[in-house]
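The structure appears right after this line, and notes come after that.
The values are calculated or read from the model by the stated rules, or taken from the named source; none is laboratory data. Quick caveat: nothing in here was measured; it's all calculated off a predicted structure. Neighbour counts are summed over all protein chains in view; Cβ atoms, including those assigned to glycine, are modelled from backbone coordinates with ideal geometry.
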Amino acid sequence: MATNTGLARQQTTAEGKIHVYTGDGKGKTTAALGLAIRAIGHGLKVGIIYFDKGGDYYGERHILDKLKNDGIIYKAFGYPRMLGNRFRFDNIPQDLQEAQAAIKQAQEWLKTDLDLLILDEINTAVKTELLNTDDIVDIIKQKPTQLELVLTGRYCPPEVMDLADLITDMKATKHYFSQGLDAREGIEY
Ligand code: ATP
Ligand code: MG
């Protein structure tokens, strides 16, 4: 029996698909966010879980906070990776705990009446050894029929790709980061 999320409206799709947005090009997280906006526009209920994305510098979250009554809930996990204007790439024990907490949250939300669940950067968390491939496979296997599930992040494991219904591989045909640009507020985060 699905638990009610408390979100305002309800409209259930017949059969939810499994999407993977991966690759080294820009647009994975923002594609998922665009889909979330489209979904709530039709009264669907949307949940977003951010893996390994602690910190308060992601611009979209200020807007998501305002959209709670329109059908979006989100939770962010992870210790901040950006310290000052530098990224931290090593894993500290808290990173692993946060990843496990994010998985637990995903499993809880799988039991709710959400129509769309976005697990942002979950694929990347396998590459960075915060999660195992089986953590994602288990989530996919628990997916309720109606739920549309979106898994974003580079380096999607092949086992996850095998289970997906849709894979979009963002290809960095050109990217200004190769010219040494820093991440920009409002564009990259
Ligand atoms: P977006 O969030 O813009 O949709 P994405 O989810 O496809 O992008 P990620 O791999 O999650 O991309 O990277 C987050 C952001 O950081 C992206 O906007 C990406 O273009 C940018 N980025 C990628 N590589 C670098 C880098 N080396 N330095 C700074 N920023 C980078
Ligand atoms: Mg991303």
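Do the conditions hold for Asp65, that is, is it in contact with a Phe, Trp or Tyr (Cβ under 9 Å, 6 or more places away or on another chain), of a type outside the set (A, V, I, L, M, F, W, C), within 24 Å of Ile187 (Cβ to Cβ) and within 16 Å of ligand 1 (Cβ to nearest atom)? Walk me through it before giving the result.
Working: in contact with a Phe, Trp or Tyr (Cβ under 9 Å, 6 or more places away or on another chain): yes; of a type outside the set (A, V, I, L, M, F, W, C): yes; within 24 Å of Ile187 (Cβ to Cβ): yes; within 16 Å of ligand 1 (Cβ to nearest atom): no.
Here the answer is no, as Asp65 does not meet what is asked.
Mind checking which residues of region 101-118 are under 23 Å from Ala31 (Cα atoms) and among the small types (Gly, Ala, Ser)?
Ala102, Ala106
For Arg86, work out the one condition from (1) within 13 Å of ligand 1 (Cβ to nearest atom); (2) over 30 Å from Glu159 (Cβ atoms); (3) in contact (Cβ under 8 Å) with a residue 24 or more places away in the chain; (4) of a type in the set (D, E, K, R) it doesn't fulfil.
Single failed check for Arg86: (3).
Confirm whether Gly34 is outside any helix (DSSP H, G or I) and of a type in the set (Gly, Ala, Ser). Before you say what the answer is, go through the steps one by one.
Details: outside any helix (DSSP H, G or I): no; of a type in the set (Gly, Ala, Ser): yes.
Criteria not met by Gly34.
For region 139-185, what are the residues that are out of contact with any helix residue (DSSP H, G or I) (no Cβ under 6 Å at 6 or more places or on another chain), surrounded by 14 or more Cβ atoms within 10 Å (Cβ to Cβ) and farther than 18 Å from Thr30 by Cα?
Lys143, Pro144, Gln146, Leu147, Met161, Ala164
Filter region 29-71 for residues that are β-branched (Val, Ile, Thr) and in contact (Cβ under 8 Å) with a residue 40 or more places away in the chain and give the result. Explain how you work it out, then say what you get.
Initial filter on region 29-71 (β-branched (Val, Ile, Thr)): 29-30, 37, 40, 46, 48-49, 63.
Matches in region 29-71: Thr29, Val46, Ile48, Ile49.
From the list Thr133, Thr145, Thr168, pick out the single residue that is within 26 Å of Ile73 (Cα to Cα) and touching a His at 6+ places or on another chain (Cβ under 8 Å).
Details: Thr133 fails: touching a His at 6+ places or on another chain (Cβ under 8 Å); Thr145 fails: touching a His at 6+ places or on another chain (Cβ under 8 Å).
Of Thr133, Thr145, Thr168, the one residue that is within 26 Å of Ile73 (Cα to Cα) and touching a His at 6+ places or on another chain (Cβ under 8 Å) is Thr168.
Being more than 12 Å from Glu121 (Cα to Cα) and either more than 12 Å from ligand 1 (Cβ to nearest atom) or at pLDDT below 95 (or both) is the filter here; which residues of region 10-34 pass it?
Gln10, Gln11, Thr12, Thr13, Ala14, Glu15, Gly16, Lys17, Ile18, His19
Could you check Met82 against (1) aliphatic (A, V, I, L, M); (2) over 17 Å from the mean Cα position of the chain (by Cα); (3) at pLDDT 95 or above and say which number it fails?
Answer for Met82: the failing condition is (3).
What are the residues in region 153-189 that are of a type in the set (S, T, N, Q) and away from ligand 2 (no atom under 13 Å from the Cβ), if any? First the steps, then the outcome.
Of the residues in region 153-189, the ones of a type in the set (S, T, N, Q) are 168, 173, 178-179.
Result: Thr173, Ser178, Gln179.
So which of Lys53, Lys68, Lys26, Lys17 is under 13 Å from the mean Cα position of the chain (by Cα) and basic (Lys, Arg)?
Values: Lys68 fails: under 13 Å from the mean Cα position of the chain (by Cα); Lys26 fails: under 13 Å from the mean Cα position of the chain (by Cα); Lys17 fails: under 13 Å from the mean Cα position of the chain (by Cα).
One residue alone meets the criteria, Lys53.
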